[in-house]
Each structure stands twice: as structure tokens, then as C-alpha cells.
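Report on one structure; see the data block that follows.
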Amino acid sequence: MTSRPEQDMETNVTVVSAADMTDARKGGNTRKVFVRTYGCQMNVYDSERMTDVLAPEGFEATDDLEDADLVILNTCHIREKAAEKVYSELGRIRKVKEERAKSGKDMMVGVTGCVAQAEGEEISRRAPIVDLVVGPQSYHQLPSLLEKARAGSKVVETEFDIDAKFNHLSERAEKQVLKRPPSAFLTVQEGCDKFCTFCVVPYTRGAEVSRSVEQIVSEAERMAAAGVREITLLGQNVNAYHGTSPDGAVWGLGRLLRRLAEIDGLDRLRYTTSHPRDMDDDLIEAHRDLKSLMPYLHLPVQSGSDKILKAMNRRHTRDEYFRLIDRIREVSPDIALSGDFIVGFPGESDQDFEDTMDLIRQVGYGSAFSFKYSSRPGTPGATMDEQVPEDVKSARLAALQALVAEQQKAFNASRLGMTCDVLLEKTGRNPGQLVGKSPWLQPVQLDAPEDLIGSIQAVEIVDIGSNSLFGRLIAGQDDLGRSGRIPAPAA
Ligand code: SAM
Ligand code: SF4
């Protein structure tokens, strides 16, 4: 099954403004920052922005932990294991720090993200090598917090002031020419007011806040000018977006997408993650009206049992979800649907689990992400009766994943022989191979010259694997007539 950022993503962010790196070198004061990202795409976006904020301070990104003057672990708290992973990584970093100290080199260590927000001072207590603990809403303050830490104080900054973060980060980006890969993330909304009974997000990310239309449009324009061709709008509940436009009106996500679709060079738009309650008509119709809005929708339902949906405080029924899917498929019949499922929520009986399996069979997903319920301290689910035993959770998860894998295979197989646009993103594992993305978010591998990275090409799907598709370039039919680097066949 496709792996998903929330499940196991750990990335080292290496993106840094070339211009700023040069300035830092000119000053002769280059330091290295190593950022490891855990969790969701919103953390990937935040890691990039932290690197942006640190670049003018003379920090250059490195992939080599041992070479780093500053190490940042940008953490996730959604499931228990994720937090434990951070503590064991801190143990490894302690040894590296000790080795560096032997040769007279210092290393500062910061923990950011949702574990930082949730655990605060507890982190430096459990891991004394940590110099600073910074919650998700305070990244714009990193330079001054670093100064404080350098002066010898242990810094813990977990205030919720999201407007300040967005305003400040936006200003920074304006001064920098950001060179991003052809596909990039853009956070438009953060936080959540829904309080599902299993979830820590409302506690770690705070209340729902949307960025203004103006901020988002100008950031998207800068990204497009720097070569980004696909933007995925991010939010914990992205379709609850309600940002203020320049004339003071409040725009929903559908209207925002319509505005972004006007930006020249921005050929593909996506958004994630959505809540079923917030799929309004305008957003559904945007899937019909906007060519650049890709036919993929991640719409988590979590469970197919009304009893469990109620206990989870999801605020919709199984039937309402079915009706929503029907409306979406009416406007976009070929859309790839994805979802999240939790198995073993407290009180989930065999029949409740069967209802979830039945929902999956009826909907038919192109991919999905599934998790064993993980009890999170402080959430209502943690103190509910009838916690489900671990072995039952494991068996249910295996059955659900097998069903989804079958559906994913069938969905992928249905693309065989089709010609579709593929955004070519990077080199593949084998020489001469590139990897791109289909409109339905499947990775596509194909042989193509490296200078086509960043272009959208017409590709025939000639084979399928379990997670990816294999394609062949259709010479002369480059999409949108923009990249135009494959010569048309002679008439
Ligand atoms: N806002 C989205 C929604 O309402 O569906 C989900 C965002 S949440 C950050 C990502 C996914 O993590 C959820 O959809 C859920 O499946 C999973 N998740 C959250 N808390 C969990 C928990 N305590 N145990 C297991 N999975 C969990
Ligand atoms: Fe968590 Fe999503 Fe529920 Fe909000 S809507 S509490 S982010 S699962």
C-alpha cells in the first residue's frame, strides 16, 4: 500500500535559498542545519519555512547529521510511537554531539512540532541535550530563540499566535527567491475546532485559523515564478478554510481554488486533508469547473459504523458520507478517492468493523491510509471503556489493508493503456529513469531525459506495479504546449 506522510515519513529538508546561501558564505559565517521531519505534509511545509527563516542567519542545510551545528527534529504527536521515535533519535544525537565536542565543535539541538507543543519542558527533562523546544506557531522566532539558547538558557516556546507566524513567514519569503521542486506544499489553514475524540490536533495545533487570500495568492505567485507547477494546499482541515479576501469578504476553499487557478504557470492544484462535514457545493463544483484541480480527493471517514462515528464525534453518519461521495462522483466520475481509517477505536465490535469493511467495498478507494487506534493522553478516547485488545486491532488492520490493497490494484489497473499528463518531478532509481505524478496522485516511472524534470508530459501507461505505474513518453504531445522539449514527429 502507498505509504503516507502521517504513517512513516521522515525527511531531511535540504531546500535553501541559493541567494541566501551565497550571502552567508560572503559573510564567512556559514553554519549547517540538519532538519528531520516526522509526520504530515504540514510538517514538511513547516520544515521548509524554518530553513527559510534560518538562511539569512547564515544557516545552510545539510543531510549529514554529524556535520550539523544545529539539529532540528520537527515532530509529530498523532500516534504514540511517533513521540517515542523522537526520544530514541535524541539518544542517537546525544552520541553525535559528544563526538563533536571531542573535536571542539558545538552542536545545538531543537525539538519543534507537535511533540514540542504537547510535552514542552518535559522534553529537556527527559533529554537534557535539547537546547530549545519550539511549538508549531513560533517558528518565525527561531533566530531570536536560538540566540537565547546560545546565551545558555533552556528555551521553551509554545505560545499559540498563529497570525504572527504566518505574517512573519510570509514577509521573509518575499525577500527570498525560493527554488522549490516542481511540486510544493502551501499551508492555508491550521488547527482544528472539531475535537474528534481520538485526536490530539486541536490541543497541539490549536483553534482553526485561516490565512488571508492575499497572503496565499502572493505566496503561490512567488512559487509559480520560481518554477513550481503543482501546489497542494494544506490544512489539518483544509476544506474548513475561511480566509478574508482583500475586500473583506470571507472565501471558502472552492473560491480560493478558483482564484489560484488563474495564476499563470500553476497547472495543477490539490488540497488535503478534508473533513466530510466541510465539503460544500462550491468546492464540489470546483472539481467540475477547474481543469487544474486534479481528480484526487482525500476524504477520511475513519469508520463505517454509525455507533463508532458518533463515539468519535465525527458529526456525520455513514449515509451522509455515501451521499457526499455520490455528489462528488457526479461532477468528477473518474476521481481517485482516498481516506483514513482507524481500527480498534474503543467499543468497536466485530459488527462495527464489518460495517467499515462494507463501506470500503461500496465506495471503492484508489488508495487509503489505515491505523490502529492509539490512545492519546488528554483526549476523551483515552478514558473510554471497552478499549480493544492489541491482537484484535492487528487482525482488523491486516484485513482492512488487504481489502484496500486489492482496490488500489484494481484502480491502478484501470489506468493501463491510458494516456495521461504526468508532472515529471525527479530522477528515478535507475539511470535514465524519471519519476512523476499522474493526475490521480500515482507515482509514474518512465525513461526520459533529465532536462524534462519540471515539465508536464503526455505519457502512455504501459504497465502497473502495486504502488506505481510505468509509462512511456508520447513524443510531440507535451501537455499545455509549454514545455515543448520533445520534438514533434516529422509530418
Ligand atoms: N483532519 C483530518 C480528518 O478529520 O479526517 C485528519 C487529520 S489527522 C492529523 C490524520 C489521521 O491520523 C486521521 O485521519 C486519523 O485516521 C489518524 N489518527 C489521528 N489520531 C489518531 C489516533 N489517536 N490513533 C490512530 N490514528 C489516528
Ligand atoms: Fe483531528 Fe481531523 Fe478530527 Fe480535527 S477533524 S480533531 S484534525 S481528526
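The values are calculated or read from the model by the stated rules, or taken from the named source; none is laboratory data. Because the structure is a prediction, the values reported are computed rather than measured. Because the Cβ atoms are built from the backbone with ideal geometry, glycine has one as well, and the counts that use them run over all protein chains shown. Please note that ligands, DNA and RNA were not included when accessible areas were found on the heavy atoms of the full protein model with its side chains. Shrake-Rupley method; radii C 1.70, N 1.55, O 1.52, S 1.80 Å.
Considering only segment 333-352, how many residues are outside any strand (DSSP E or B), more than 15 Å from ligand 1 (Cβ to nearest atom) and in contact with a Leu (Cβ under 9 Å, 6 or more places away or on another chain)? Write out each step before concluding.
Within segment 333-352, the subset outside any strand (DSSP E or B) is 333-335, 339, 344-352.
Right, trim to more than 15 Å from ligand 1 (Cβ to nearest atom) and you get 333-335, 349-352.
Remaining after also requiring in contact with a Leu (Cβ under 9 Å, 6 or more places away or on another chain): 335.
Of the residues in that region, 1 qualify.
Quick check on Leu290: is it among the aliphatic types (A, V, I, L, M) and touching a residue at least 40 places away in the same chain (Cβ under 8 Å)?
Taking the combined requirement at face value, the residue does not satisfy it.
State all residues of segment 218-233 that are of a type in the set (Gly, Ala, Ser) and part of a helix (DSSP H, G or I); if no residue qualifies, say none. Write out each step before concluding.
So the first thing to find is which residues in segment 218-233 are of a type in the set (Gly, Ala, Ser), and the list is 218, 220, 224-227.
Ser218, Ala220, Ala224, Ala225, listed by residue number.
Examine segment 181-195 for a residue that is open to solvent by less than 10 Å² (accessible area, probe 1.4 Å) and within 10 Å of ligand 1 (Cβ to nearest atom), and state whether such a residue exists.
no
crowded, with 24+ Cβ neighbours inside 10 Å and assigned to a helix (DSSP H, G or I): is that true of Ala83 in this structure? Explain how you work it out, then say what you get.
Details: crowded, with 24+ Cβ neighbours inside 10 Å: no; assigned to a helix (DSSP H, G or I): yes.
No.
Under the condition of being under 16 Å from Cys196 (Cβ atoms) and of a type in the set (Ser, Thr, Tyr), which residue from segment 264-290 is nearest to ligand 1 (Cβ to nearest atom)?
Here the residue is Thr273.
Do we have any residue at all in segment 234-241 that's assigned to a loop (DSSP other than H, G, I, E, B) and more than 14 Å from ligand 2 (Cβ to nearest atom)?
The initial filter retains those residues of segment 234-241 that are assigned to a loop (DSSP other than H, G, I, E, B), namely 235-237, 241.
Checking the rest, the ones that are also more than 14 Å from ligand 2 (Cβ to nearest atom) come to none.
Checking segment 234-241: not a single residue is assigned to a loop (DSSP other than H, G, I, E, B) and more than 14 Å from ligand 2 (Cβ to nearest atom).
Within segment 248-303, how many residues turn out to be away from ligand 2 (no atom under 16 Å from the Cβ) and among the β-branched types (Val, Ile, Thr)?
Total satisfying the criteria: 3.
Take segment 242-264 and flag every residue that is of a type outside the set (A, V, I, L, M, F, W, C) and open to solvent by less than 20 Å² (accessible area, probe 1.4 Å). Spell out the reasoning first.
Narrowing segment 242-264 to residues of a type outside the set (A, V, I, L, M, F, W, C): 242-248, 252, 254-255, 258-259, 262, 264.
Passing the criteria: Gly243, Ser245, Gly254.
Given the conditions (1) over 27 Å from Thr187 (Cα atoms); (2) at pLDDT below 90; (3) open to solvent by 60 Å² or more (accessible area, probe 1.4 Å), report the number of the one that Ser88 does not fulfil.
(2)
Restricting to segment 405-426, name every residue that is small (Gly, Ala, Ser) and farther than 20 Å from Leu446 by Cβ.
Ala405, Ala410 - these are the residues of segment 405-426 that are small (Gly, Ala, Ser) and farther than 20 Å from Leu446 by Cβ.
From the residues in segment 141-162 that are in a helix (DSSP H, G or I), at pLDDT 85 or above and open to solvent by less than 50 Å² (accessible area, probe 1.4 Å), which one is farthest from Pro377 (Cα to Cα)?
Among those that are in a helix (DSSP H, G or I), at pLDDT 85 or above and open to solvent by less than 50 Å² (accessible area, probe 1.4 Å), it is Pro143.
Within segment 196-222, track down each residue that is at pLDDT 95 or above, in contact with a Gly (Cβ under 7 Å, 6 or more places away or on another chain) and near ligand 1 (Cβ under 10 Å from one of its atoms).
Thr197, Phe198
Which count do you get for residues in segment 358-391 that are in a helix (DSSP H, G or I) and under 18 Å from Arg79 (Cα atoms)?
Selection size over segment 358-391: 6.
Among the residues of segment 187-209, write down those that are away from ligand 2 (no atom under 14 Å from the Cβ) and closer than 21 Å to Arg314 by Cα.
The answer is none; no residue qualifies.
Is it the case that segment 291-299 has a residue that's within 16 Å of ligand 1 (Cβ to nearest atom), open to solvent by 10 Å² or more (accessible area, probe 1.4 Å) and not in a loop (DSSP other than H, G, I, E, B)?
Yes, that holds for at least one residue.
Which number in (1) surrounded by fewer than 21 Cβ atoms within 10 Å (Cβ to Cβ); (2) farther than 28 Å from Leu423 by Cβ; (3) within 16 Å of ligand 2 (Cβ to nearest atom) marks the one condition that Phe345 misses?
(1) is the only condition that Phe345 fails.
Hey, among the residues in segment 398-435 that are surrounded by fewer than 18 Cβ atoms within 10 Å (Cβ to Cβ) and touching a residue at least 60 places away in the same chain (Cβ under 8 Å), which one's nearest to the chain's Cα centre (by Cα)?
Looking at residues that are surrounded by fewer than 18 Cβ atoms within 10 Å (Cβ to Cβ) and touching a residue at least 60 places away in the same chain (Cβ under 8 Å), I get Lys426.
Filtering segment 300-326 down to residues that are among the basic types (Lys, Arg) and more than 12 Å from ligand 1 (Cβ to nearest atom), which residue is least open to solvent (accessible area, probe 1.4 Å)?
Arg318
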